[in-house]
Ligand SMILES: *[C@@H]1O[C@H](CO)[C@@H](O)[C@H](O)[C@H]1NC(C)=O
């Protein structure tokens, strides 16, 4: 009993000392016992590319499989997984939680880094790239991606009020564009600019309102806290 209390107290002290939530790679609530420190893995990927994005991302792909070879991840910078093998027709990894999205130039395998803290901690835009490793910091080319990750954020165990997408501003064309290197750079409906030195974030909001793309301060400390990012790896490319 006392031991438990000490452990809990220590955990709180450590969590506070870190000033940053531990993040895990999985973007769904999962049923691992040690959700905060241990990633769930071995998700089932659909063997054929889905024509549409599933409407209930948290239920259809959830499994309770827990690998006996799971290793404990103690921080976001400690990566214990190597780039997974690809076997699906989309070229998306099947050993991690990537969801295939059909983009103009090819398949993109998206994932979102979940926050593991009940405190909504702002994350600077510049940290997104490292956060996503070994995957890449991703843009949101399609409406499907935006809607999918909005649902993921809204259904997350801990609050995600906003998340970053890889973006930049072209001063010549005076337009914001997607910058993950795979996405079609063109953003049809330009985001509302709250901070001209900012970057594009998705302000998640809540049902039934749609999420909003806005250019917000790169600190992540705007009127809405931006606490994570959308990540991914290229799948099979069209040529
Ligand atoms: C910026 O826009 C101009 C004019 O449309 C274009 O020629 C140029 O390639 C763009 N630069 C980037 C980095 O997208």
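The numbers here are math on the coordinates, done by the rules we state, and not lab data. This structure is a prediction, so every number in the text was calculated from the model and none was measured. Here the Cβ positions follow ideal geometry from the backbone for every residue, glycine too, while neighbour counts run over all protein chains shown.
Along the Cα→Cβ direction, 7 angstrom out, place labels at residue 192 and residue 126. What is the inter-label distance in nm? A separation of 2.8 nm, rounded to one decimal place.
The listed peptides 166-177, 102-113, ordered by packing as a protection proxy, come out as 102-113, 166-177 (highest mean of other Cβ atoms within 10 Å first). Just to confirm my numbers, what's the Cα centroid distance between the range 203-239 and the range 120-187 in Å? Spelled out, the Cα-based centre of one part sits 4 Å from the other. Spread over its residues, the convex hull of the C-alpha atoms of the range 93-176 is 126 Å³ per residue.
Using a 10 Å cut-off on Cβ atoms, rank the peptides 195-201, 129-135 from the highest mean neighbour count down.
Final packing ranking: 195-201, 129-135.
Can you tell me the relative contact order of the range 84-237? Whole percent, Cα pairs under 8 Å, sequence separation 6 or more. That works out to 34 percent. Note on the range 87-239: Cα-Cα pairs beyond 20 Å make up 45% of the total pair count.
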